[in-house]
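Encoded as structure tokens, the structure appears first; notes follow it.
Since every read-out is calculated from the coordinates, none of them should be taken as a lab result. For clarity, every value in this text was computed on a predicted model and none was experimentally measured. Glycine gets a Cβ as well: all are built from the backbone with ideal geometry, and neighbour counts include every protein chain shown.
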Amino acid sequence: MAKTWDAIVIGAGPAGLTAATYLSRAGLSTLVFKDKEGSNLLKVPMIGNWFAAPAGTTGPKLLRLGEQQTRKYGTRIVVEEVVKCRDCSLMSAADKKKHGVGKAHFMVVTEKSRYLTNALIIAVGMQIKSAGITNEFKYIGKGVAVCVACDGPFFKNKKVMIVGAGNLAASEALELLAHTSRVQINTNGASTLIEAGLKRKLKKAGVALVNKKVAAVTGAKWVEQVEFMDGTHERIQGLFLATGTASAVDFAKSMGLLMRDNSLEVDKFGRTSVAGVWAAGDVIGPPRQIGKSVGDGVRAAIDVIEQVRGGSYVDHRED
Ligand SMILES: Cc1cc2nc3c(=O)[nH]c(=O)nc-3n(C[C@H](O)[C@H](O)[C@H](O)COP(=O)(O)OP(=O)(O)OC[C@H]3O[C@@H](n4cnc5c(N)ncnc54)[C@H](O)[C@@H]3O)c2cc1C
């Protein structure tokens, strides 16, 4: 019979690695998957709002240390993309026998192999949705940003264009006004979907709403201008992608997990709508921040530990 892990965590960002650390420290055998694209934090060269880092820190550094820490307690991290998760109770007896399922609750199917577990934590983050602009991802951290709460302070008094046609673009623009008054929204060829109340606020704050299709963003090292489809260009110092986030949870949907607003729905313990499956981090919705993802990971892991062991969570380890 194949090995059954106490817990499998899909995702090795702040949510998944934190959950794995709690699980392993509590003595649960824990397997973590990450894919080749990796955590959104890999794209973050400077973080100013993470706890106890007065000089700032970087995303790659946090991930390296996070992996090191959880491995110390026995977590195994595997680079394989999860393509499907199957509920073993819905499998035929022949299928169960074929895969050596035994009493396992879930089978996680990756591009290379199959793994069994009784508890599954989904922490796959959210992919940034492309606005279809040439070089948009090349300049992330170099003038292109995706989150005002994260990067707004880097754009103090700078001229910034927010690309997006919906309420996300409007609320990002209003938040950015705390750092610069030189803000415009470009709906990039789409008709605006911004609700009336937000539109009024934008007007009152003097945020221009334009509609010019952007072809590319360019600059030497940092963003310097946007080039439009009509051949004209405009000098800017920052560009925010506010087109919304794309879901990375197609396989989760296939398990019948309930979604709300493009996020997985969870209760106060981080449990999804399917027993034995938890979710944590950006995948369960805003605020999409490291601190909140870490907290989600803690919450889900403690609930898993309590369910596996029974009783309330107590941390007995001294290291
Ligand atoms: C440019 C930028 C700047 C940011 N700046 C800040 C900031 O200053 N402060 C802040 O608090 N937050 C910031 N954030 C947000 C922060 O990165 C996220 O909130 C955080 O990374 C979410 O953690 P997570 O664990 O939920 O997901 P992620 O960190 O995105 O990790 C997701 C994990 O899931 C894995 N994965 C996904 N799909 C699969 C699959 N099918 N199979 C296997 N593995 C899979 C990935 O490999 C990855 O390991 C920023 C984000 C961006 C993009």
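Points to keep in mind about this one:
- Rounded if a/c under 1.5, otherwise prolate or oblate - segment 279-319, Cα gyration tensor axes: oblate
- Think of it this way: in the chain, Cys85, Cys88 stand alone, with no other Cys Cβ under 4.7 Å.
- Hull shadow area, averaged, the chain [alpha-carbon convex hull, nm²]: 18.6
- Here's the picture: charge each Lys and Arg Cβ at +1 and each Asp and Glu Cβ at -1 in the chain, and of Leu41, Val217, Val308 the one pushed furthest to the positive end of that dipole is Val217.
- A simple packing score, the average count of other Cβ atoms within 10 Å per residue, orders the peptides 197-205, 37-45 as 37-45, 197-205, with the highest score first.
- Charged-residue dipole, Cβ positions (Lys, Arg, Asp, Glu), segment 1-52 about Cα centre, Debye nearest 20: 80
- Simple point charges give the picture: +1 on the Cβ of Lys and Arg, -1 on the Cβ of Asp and Glu, and for the chain a dipole about the Cα centre of about 240 debye.
- Positive-end residue of Val160, Leu193, Ser113, charge dipole of the chain with Cβ unit charges: Val160
- Sorted peptide list for 109-121, 74-86, criterion being average Cβ within 10 angstrom, highest first: 109-121, 74-86
- Three-way shape label, segment 129-241, alpha-carbon gyration tensor, a/c 1.5: oblate
- Unsatisfied cross-links (Cα-Cα over 22 Å) in the set Lys36/Lys84; Lys84/Lys138; Lys3/Lys103; Lys203/Lys292; Lys159/Lys204: Lys84/Lys138; Lys203/Lys292
- Pairwise centroid distance, computed over Cα atoms, of segment 134-190 with segment 52-107, Å: 34
- Among beta bridges identified by DSSP and lying wholly in the chain, the antiparallel ones come to about 40 percent.
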